[in-house]
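Accompanying notes for the structure given below.
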Amino acid sequence: MILPSAVSRFLFLAIAFTLLGPLASFADDEPLLMGVFPRRNATLTHTFFSPLAQHIAQATGREVRLIASKDFTAFWQGVKEKRYDIVHYNQYHYVRSHREQGYEVIVRHGEFGSATLSGAISVRKDSGIRSIKELRGKKIIFGGGKQAMVSYIAASYELRKHGLQHGDYIEEYAKNPPNAALALYHRQADAGGTGDIVWSMPNVIKQIKRGDIKILATSEPILHLPWAVKKEMDPQLRQTIEEAFMGLNNSAEGREILKRAKVTAIHKAVDSDYDLPRHMIKAVLGESY
């Protein structure tokens with residue numbers, strides 16, 4: 001005969017095993033590696049994204065190890081070798097890695113209150129330049145290299161739409177869009193290729209007179225920066241990660257995590273969301289993804 005107290009203990013242990021079993025098995029798994037492209041230096045990347053990594057770890061029951069590469073070469077090597085389980089990068093990086101490594105987008109984020117952004121070609125108002133066609137033979141400084149989706153690819157796509165091809169103007173590259181904006185403002189180039197949002201960024205606006213700058217053209221808006229996972233990821237784990245991202249929108253704690261990462265919202269994303277960037281990349285770089 002089993003005493004009631006023994007029955008109670010048996011039921012408690014059975015329920016505890018049922019509830020805690022999955023977490024115990026998660027603990028035996030390898031850490032999930034989260035790669036974030038070096039848009040900022042490694043220290044800032046850790047400061048901004050560590051709370052997000054901890055949030056994903058709590059949701060999945062798995063350790064999440066944030067990888068902040070020292071430079072883009074190291075970061076992209078990690079993508080090529082598929083070291084990252086979760087990866088954050090720009091639109092060009094995503095479509096290329098989707099084609100070559102099989103990464104699949106799950107969510108995208110918004111910044112400055114917008115889910116989209118556009119490439120922009122800007123000049124000083126006192127330059128006398130009134131149209132894109134007048135940039136033939138002029139110096140254009142772009143905010144980043146040829147893999148900068150918005151400030152190079154989308155901005156150059158706008159040049160192509162107005163009849164200017166590679167070689168019709170002089171290309172120079174700044175380290176990032178704010179530096180390109182400031183170089184233009186200080187007359188180090190005839191025009192600048194950036195994102196349209198750069199002229200509203202606090203670190204730019206405090207150093208210039210916005211009224212001195214004219215945006216000649218902006219590209220079609222493209223959806224913001226993606227987060228992707230390995231194609232081989234367990235479907236249940238993938239769903240848990242996606243739900244953890246989306247849930248950040250719905251609580252004060254989640255919104256604080258987004259604020260730390262300089263993100264204003266998380267949106268659901270699918271691969272076809274990045275077909276417009278694919279078209280721009282093909283037109284500007286001749287690469288098909």
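The values are calculated or read from the model by the stated rules, or taken from the named source; none is laboratory data. Worth saying up front: this structure is predicted, and the values here are computed from it rather than measured. Don't worry about glycine lacking a Cβ; one is built from the backbone with ideal geometry, like all the others, and counts go over all protein chains shown.
Values as computed for the structure displayed
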read-out: Inter-residue pairs, beta-carbon under 8 Å, first within 11 Å of residue 37 (Cβ to Cβ) and in the range 76-99, second aliphatic (A, V, I, L, M) and assigned to a loop (DSSP other than H, G, I, E, B), 6+ apart; value: 88/225; 89/225; 90/148; 90/225; 92/148
read-out: Top-ranked residue of the range 76-102 - restricted to ones that are in contact with a Pro (Cβ under 9 Å, 6 or more places away or on another chain) and part of a loop (DSSP other than H, G, I, E, B), ranked as farthest from residue 31 (Cα to Cα); value: 90
read-out: Qualifying position, being out of contact with any helix residue (DSSP H, G or I) (no Cβ under 8 Å at 6 or more places or on another chain) and in the same structural domain as residue 93 (by TED's automatic domain parsing), among 206, 230, 262; value: 230
read-out: Lone qualifier among 183, 228, 189 - being farther than 24 Å from residue 71 by Cβ, aliphatic (A, V, I, L, M) and modelled with pLDDT of 95 or more; value: 189
read-out: Residue, surrounded by the most Cβ atoms within 10 Å (Cβ to Cβ), within the range 142-172, restricted to residues that are among the aromatic types (Phe, Trp, Tyr) and not in a strand (DSSP E or B); value: 152
read-out: Search result, residues across the range 39-65 that are modelled with pLDDT under 95 and in contact with a Phe, Trp or Tyr (Cβ under 9 Å, 6 or more places away or on another chain); value: 39, 40
read-out: Residue, nearest to residue 119 (Cα to Cα), within the range 148-170, restricted to residues that are in contact with a strand residue (DSSP E or B) (Cβ under 6 Å, 6 or more places away or on another chain) and not hydrophobic (A, V, I, L, M, F, W, C); value: 151
read-out: Unmet requirement for residue 167, which otherwise passes all of (1) touching a residue at least 24 places away in the same chain (Cβ under 8 Å); (2) farther than 24 Å from residue 245 by Cβ; value: (1)
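Let's see how each residue does on (1) farther than 25 Å from residue 83 by Cα; (2) out of contact with any Pro (no Cβ under 8 Å at 6 or more places or on another chain); (3) surrounded by fewer than 15 Cβ atoms within 10 Å (Cβ to Cβ):
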site: 209; (1), (2), (3): yes, yes, yes
site: 222; (1), (2), (3): yes, no, no
site: 241; (1), (2), (3): no, yes, no
site: 265; (1), (2), (3): yes, yes, no
